[in-house]
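The values are calculated or read from the model by the stated rules, or taken from the named source; none is laboratory data. Note that the structure is a prediction, hence the values are computed from the model and not measured. Every residue, glycine as well, gets a Cβ built from its backbone with ideal geometry; the counts of neighbours run over all protein chains shown.
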Amino acid sequence: MENMQFIIIVIFSPLIQGIIKKLKANFQGRVGSSIFQPYYDLMRLFKKEMVVSHVTSWIFRVAPYIVFVSTIMAAIMVPVITTKSTYSITGDIIVLIYIFAMGKFFMALAALDSGTAFGGEGSSREMMVSILVEPMIMLCIFTTAIAAGSTNLAVIAEQHNTILTPSHMLAFFAFMIAIVADTGRIPVDNPDTHLELTMIHEGMLLEYSGRYLALMEWAHYMKQMLLFTIVVDMFFPLGIAYDGGMPEIAVAFGSYFLKILFLAGIMSVVESTRAKLRFFELPSLLGGSFALAVLSLLTLIMIGR
Amino acid sequence: MTSMCIYYYFGLLLFIAGAITPLVFPQKTKRFAYIFPTTGACAFAVFGMYLLFDHPLDISAASITPFLEFVFRGDAISGFFILLISILTFSVSIYSMGYTKDMVNKGVMSVLFNIFILSMYAVILSGNVITFLISWETMSVVSYFLVTFDRKEESASAGLLYAIMTHAGTAFIIAAFLLLYKYTGHMDFAGIKEAAKDIPAGIKTIIFAFAVIGFGTKAGIIPLHTWLPQAHPAAPSNISSLMSGVMIKTGIYGILRTVVDMLGVGPEWWGIAIILIGAVSSVLGILYALTENDMKRLLAYSSVENIGIILLGIGASMVLASSGLHTLSAIAMTAGLYHTLNHTLFKGLLFLGAGSVVHATHTKNMEEMGGLIKLMPYTAFFFLIGSVSICALPLFNGFVSEWLTFQALLFDFKSASAVAKLIAPLSGAALAFTGAMAVACFVKVFGISFLGMPRSEHARGAEVASPSMIAGMGFLSLLCLLTGIFPGHTIKFFSSSVFSLTGADFSSSGTGILSIREISSGISPLSLFIVMISLFIAAVFLVRIFGGKKKITYGNSWDCGIPSLTSRMQYTATAFTNPIRVTFKKIYLSKRHTKASYALKPYFAKAIEYRDDITPFFERYIYQPVTDFIHSLAGKVKHLQSGDLHLYLGYILATLILLLIFWS
């Protein structure tokens, strides 16, 4: 059973997206759509007819599946509610980052495949953002991994079942900024925009429709929830189950959802209170959070915690 | 002398035959001349494997004069590199059968090709200083001829730069060997290794520095990399593949042989220096690669990056060794050697792919390509595999070695000094940065040149590559996948080399699993592969069941209502990297030139010309002043050579008198 915990991510990720949207709507003084709206959207998209550009090649058709499958693959490797797992492959966090990179690679290629300027624009900008984000993510991971003595997420989660240390605190802030950038949220990208010139993530999906779009969107929701889960595992693992015992699992399940909801709340607050930055102002934001990540590492070296 | 030497002699014979046949039968040299190196590579591959699995082997020691003694000797370290050369030679020879079909002077090409490979084998198998230097020079000279093979002006200047750089490097190598000889009294590598512990520490450091500079020039570390992006694009693509895939690895071999093998464990800062060189080379290498629009030059810069990654592993290993952590040091060395192997496979593959593209489109400029995936489906597929491998995406080989390198750098945190503790994770961040940029870089290469619409007549006229070219690329692609999903097996192949370099073993468990006990973590690419394939099939089926039959309407790409999109409206390679150029303009020192002519200023522009030049920092601010200085010096010295016979006689007289005075 503990090997099926990735199902939680697959099933509940659209719900988290729905909740963030609802919270944002409430912040803006709107009623907003139902928190189950992403499910309806996905279902409708799966049934819809597709319009595909005749310029595209097989890359365009394979990419949605690769993006979707690689995200599920990442979900399989993350301890969601229990650190126990019988898979030999679970947990290594560097692998996770590279699996995400795989999805990104094919998404960016698919965007170039249709031969439009918007696709290329989205692709180019996404690559730029990921260049700035990736070292930062890696440094945060290093801080937690060095403190735990392992790059395995399950080990990290088990080792840090205590309160946050100073180094973890700094790494946490840096990591949150990285997540905002990586999930394409304000102030880095605007997920609700329909103006082609400002799009990053949406720009890459512009040519997609029907089931391909559904797969891409679902993968995006899953990636968002996965990144939240990684934060929870790395910085707030308190409550996570160590073995497959039922009562423990129930507690872990409850605490997991509370933590995820908390992070979703932070996201919607950030999105509602910030304005989108100009694209070329991003380096200073992300550079700042990179400095935070370096500081967290220095703190770990200096004071050992 | 064992029976296994027969493979060595057999291979040697085949390469010599391959070099001579075109000379004897110049008219009949068809592409079948490449059968010789193909089979020769197989023989050497067996020989290399034997060296890897068995014990060191003295091959021949022909003594001509007391000083000029040729010694060839193989051990586990050379076995590894022999195997690398053999694998790539095998594929490149097959590829060359088709590639050289329309080439002028293909007989000469065939001769040089064989000698070039033979000289690389000789470098790796050399057992003493003299043999090594002669082989090294042969390799350099032959590769110079290959760089200038097409006799164009730009190739000539690239070749000249290459010749100068490589000889400057050789000077440092000779100096390092002379110092070793002075303090150990040996010319023989084995003898030097025996006596190396008696060398004073200061001299050791000088030897270390000379060896790193000398061999680093060949390997292409920054700032000694300038010849790479000139020479690799100038050479024919089968040769660039060999140069980038294996020739620059002889530099890595040299560093391993002299520093790690002969000098042994040094002070910690040696390792830190290597890590820093690696980090700088990888970050700057990929930064320059990103903005490059010449496909082959981009790949050459990416080689600089990958050499950096290899050095990160080797440096981490040296740091760990000096802290006495030998098992961890072995893992770090495994990372370095694994990436050496991987880079041979995927960069060899990518250069062959680029060769096919250049062959078909007659241009190296990616802005003139596009849409090639439909015209050259096989080349596109294999190029994609190469790109995925070099971006270190899971399931392919680059991923395994980069994961190991990350772990190696994290181990350095266990070493004693605070400097290593800080440098190692920061280099890890540099590696992550490099990885992200490699992804951007190869999205650009593949996306711009293979996807979208053809951007020029050149690209529209591209034709499918010949079967032998496809076969050559296919073999390397297969190896990229196999070494990616069977890391356990792959590591077993060269665990003896790691052992002889670090004195410890990295025993990883299982076939598809790579687990490191010390950090209770691991990866299992094989199960990743299986799970991913099953998920893929499941996803396809579920979507089919869930969404019903696929309904597709084909139409135009979204064009904002403009009647039709043309290929000129696509995102260009220059535009793709613009955000990166702007963000890192402090490094690129880029200069933007725009020129517009208006019908009605400032609203209606008739034509806009845009150019964005990056300043190659090292060429402009380090090499240019040095060149200028030498030029002005030469200008001054010129006056001594007036052409007047009397003056020359005067020089002789003056020299004679001075000699008579001071000779006592």
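Which count do you get for residues in the stretch A:138-153 that are more than 7 Å from chain B (Cβ to nearest Cβ) and either of a type in the set (A, V, I, L, M, F, W, C) or within 15 Å of the chain's Cα centre (by Cα) (or both)?
The initial filter retains those residues of the stretch A:138-153 that are more than 7 Å from chain B (Cβ to nearest Cβ), namely A:140-141, A:143-144, A:147-148, A:153.
Next cut, either of a type in the set (A, V, I, L, M, F, W, C) or within 15 Å of the chain's Cα centre (by Cα) (or both) only: A:140-141, A:147-148, A:153.
Looking only at that region, the number is 5.
For the stretch B:532-590, which positions are within 10 Å of chain A (Cβ to nearest Cβ), of a type in the set (V, I, T) and not in a strand (DSSP E or B)?
B:I533, B:I537, B:V540, B:V543, B:T566, B:T572, B:T577, B:I580, B:V582, B:T583
Given A:L226, A:L282, which one is closer than 30 Å to B:R544 by Cα, touching a residue at least 60 places away in the same chain (Cβ under 8 Å) and either touching a Pro at 6+ places or on another chain (Cβ under 8 Å) or crowded, with 16+ Cβ neighbours inside 10 Å (or both)?
A:L226
Can you spot a residue in the stretch A:71-80 that is within 7 Å of chain B (Cβ to nearest Cβ), within 24 Å of A:L227 (Cα to Cα), outside any helix (DSSP H, G or I) and at pLDDT below 90?
No.
Checking A:G103 against (1) of a type outside the set (A, V, I, L, M, F, W, C); (2) in contact with a Lys or Arg (Cβ under 8 Å, 6 or more places away or on another chain); (3) facing chain B (nearest Cβ under 9 Å), which single condition isn't satisfied?
With respect to (1) of a type outside the set (A, V, I, L, M, F, W, C); (2) in contact with a Lys or Arg (Cβ under 8 Å, 6 or more places away or on another chain); (3) facing chain B (nearest Cβ under 9 Å), A:G103 is out only on (3).
Consider B:S417 carefully, then state whether it is closer than 29 Å to A:M136 by Cα and surrounded by fewer than 24 Cβ atoms within 10 Å (Cβ to Cβ). Before the answer, list the steps.
Numbers: closer than 29 Å to A:M136 by Cα: yes; surrounded by fewer than 24 Cβ atoms within 10 Å (Cβ to Cβ): yes.
Yes.
Determine whether the stretch B:236-250 contains at least one residue that is in contact (Cβ under 8 Å) with a residue 24 or more places away in the chain and within 30 Å of B:D198 (Cβ to Cβ).
yes
Say whether the condition of being under 21 Å from B:S427 (Cα atoms) and out of contact with any Gly (no Cβ under 6 Å at 6 or more places or on another chain) is met by at least one residue in the stretch A:248-265.
Applying the first criterion (under 21 Å from B:S427 (Cα atoms)) to the stretch A:248-265 yields none.
Checking the stretch A:248-265: not a single residue is under 21 Å from B:S427 (Cα atoms) and out of contact with any Gly (no Cβ under 6 Å at 6 or more places or on another chain).
Are any of the residues in the stretch B:426-440 aromatic (F, W, Y), within 30 Å of A:M302 (Cβ to Cβ) and at the interface with chain A (Cβ under 7 Å from one of its Cβ atoms)?
Of the stretch B:426-440, the ones aromatic (F, W, Y) are B:433.
Subsequent filtering for residues that are within 30 Å of A:M302 (Cβ to Cβ) retains B:433.
Checking which are at the interface with chain A (Cβ under 7 Å from one of its Cβ atoms) leaves us with B:433.
Yes, the conditions are met somewhere in the stretch B:426-440.
Hey, does the stretch A:65-75 have a residue that's touching a helix residue (DSSP H, G or I) at 6+ places or on another chain (Cβ under 8 Å) and free of Cβ contacts under 8 Å to residues at least 12 places away in the same chain?
yes
Report yes if some residue within the stretch B:356-364 is modelled with pLDDT of 90 or more and closer than 28 Å to B:T490 by Cα; otherwise report no.
No, the stretch B:356-364 has no match at all.
Among the listed residues B:R620, B:R568, identify the single one that is closer than 24 Å to B:D294 by Cα, surrounded by fewer than 10 Cβ atoms within 10 Å (Cβ to Cβ) and of a type in the set (K, R).
B:R568
This table checks each residue for (1) touching a residue at least 12 places away in the same chain (Cβ under 8 Å); (2) not small (G, A, S).
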| position | (1), (2) |
| --- | --- |
| A:M4 | no, yes |
| A:F12 | yes, yes |
| A:G18 | yes, no |
| A:A25 | no, no |
| A:R30 | no, yes |
| A:S57 | yes, no |
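Yes/no per residue for (1) in contact with a Pro (Cβ under 9 Å, 6 or more places away or on another chain); (2) assigned to a loop (DSSP other than H, G, I, E, B); (3) buried (at least 21 other Cβ atoms within 10 Å of the Cβ):
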| site | (1), (2), (3) |
| --- | --- |
| B:F70 | no, no, no |
| B:I77 | no, no, yes |
| B:V92 | yes, no, yes |
| B:M103 | yes, yes, no |
| B:F132 | no, no, yes |
| B:W136 | no, no, yes |
| B:F145 | no, no, no |
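Having 2 or more residues that are under 30 Å from B:E367 (Cα atoms) is the bar; report the helices (runs of 4 or more DSSP H) wholly within the stretch B:245-346 that clear it.
B:268-291, B:295-322
Of the numbered conditions (1) out of contact with any strand residue (DSSP E or B) (no Cβ under 6 Å at 6 or more places or on another chain); (2) away from chain A (no Cβ under 11 Å), B:P487 fails exactly one; give the number of that condition.
(1)
Here is a list: B:A459, B:A465, B:A471. Which entry is away from every other protein chain (no Cβ under 14 Å), hydrophobic (A, V, I, L, M, F, W, C) and under 18 Å from B:V358 (Cβ atoms)?
When all the criteria are applied, what remains is B:A465.
Return the only residue of A:D243, A:D233 being crowded, with 20+ Cβ neighbours inside 10 Å and either assigned to a helix (DSSP H, G or I) or more than 20 Å from the chain's Cα centre (by Cα) (or both).
Details: A:D243 fails: crowded, with 20+ Cβ neighbours inside 10 Å.
Only one candidate passes the filter, namely A:D233.
Quick test for you: out of A:S284, A:S272, pick the one residue that is in a helix (DSSP H, G or I), out of contact with any Cys (no Cβ under 8 Å at 6 or more places or on another chain), over 20 Å from A:S167 (Cα atoms) and within 13 Å of another protein chain (Cβ to nearest Cβ).
Selected residue: A:S284, the only one of A:S284, A:S272 that is in a helix (DSSP H, G or I), out of contact with any Cys (no Cβ under 8 Å at 6 or more places or on another chain), over 20 Å from A:S167 (Cα atoms) and within 13 Å of another protein chain (Cβ to nearest Cβ).
Just checking, does the stretch B:440-455 include any residue being over 30 Å from B:Y378 (Cα atoms), in the same structural domain as B:L350 (by TED's automatic domain parsing) and not in a loop (DSSP other than H, G, I, E, B)? Working first, answer last.
To start, the set of residues in the stretch B:440-455 that are over 30 Å from B:Y378 (Cα atoms) comprises none.
For the stretch B:440-455, residues over 30 Å from B:Y378 (Cα atoms), in the same structural domain as B:L350 (by TED's automatic domain parsing) and not in a loop (DSSP other than H, G, I, E, B): absent.
Being outside any loop (DSSP other than H, G, I, E, B) and more than 7 Å from chain B (Cβ to nearest Cβ) is the filter here; which residues of the stretch A:32-58 pass it?
Listed by number, the residues that qualify are A:Q37, A:P38, A:Y39, A:Y40, A:D41, A:L42, A:M43, A:R44, A:L45, A:W58.
Got a sec? Which of A:I179, A:I156 is within 12 Å of chain B (Cβ to nearest Cβ), assigned to a helix (DSSP H, G or I) and of a type in the set (V, I, T)?
Only one candidate passes the filter, namely A:I156.
I'd like the full set of residues that are more than 14 Å from B:G447 (Cα to Cα) and either under 22 Å from the mean Cα position of the chain (by Cα) or outside the structural domain of B:S466 (by TED's automatic domain parsing) (or both), limited to the stretch B:358-378.
Selection gives B:V358, B:H359, B:K364.
It is to be established whether one or more residues within the stretch B:597-609 are surrounded by 11 or more Cβ atoms within 10 Å (Cβ to Cβ) and closer than 30 Å to A:L132 by Cβ.
The answer is no; no qualifying residue exists.
So which residues in the stretch B:395-413 are assigned to a helix (DSSP H, G or I) and facing chain A (nearest Cβ under 9 Å), if there are any at all?
B:F399, B:E402, B:W403, B:F406, B:Q407, B:L409, B:L410, B:F413
Would you confirm whether or not the stretch A:89-97 contains a residue that is in a helix (DSSP H, G or I) and more than 9 Å from chain B (Cβ to nearest Cβ)?
So in the stretch A:89-97, the residues in a helix (DSSP H, G or I) come out as A:93-97.
Add one more test, that the residue is more than 9 Å from chain B (Cβ to nearest Cβ), and what stays is A:96.
There is at least one residue in the stretch A:89-97 that is in a helix (DSSP H, G or I) and more than 9 Å from chain B (Cβ to nearest Cβ).
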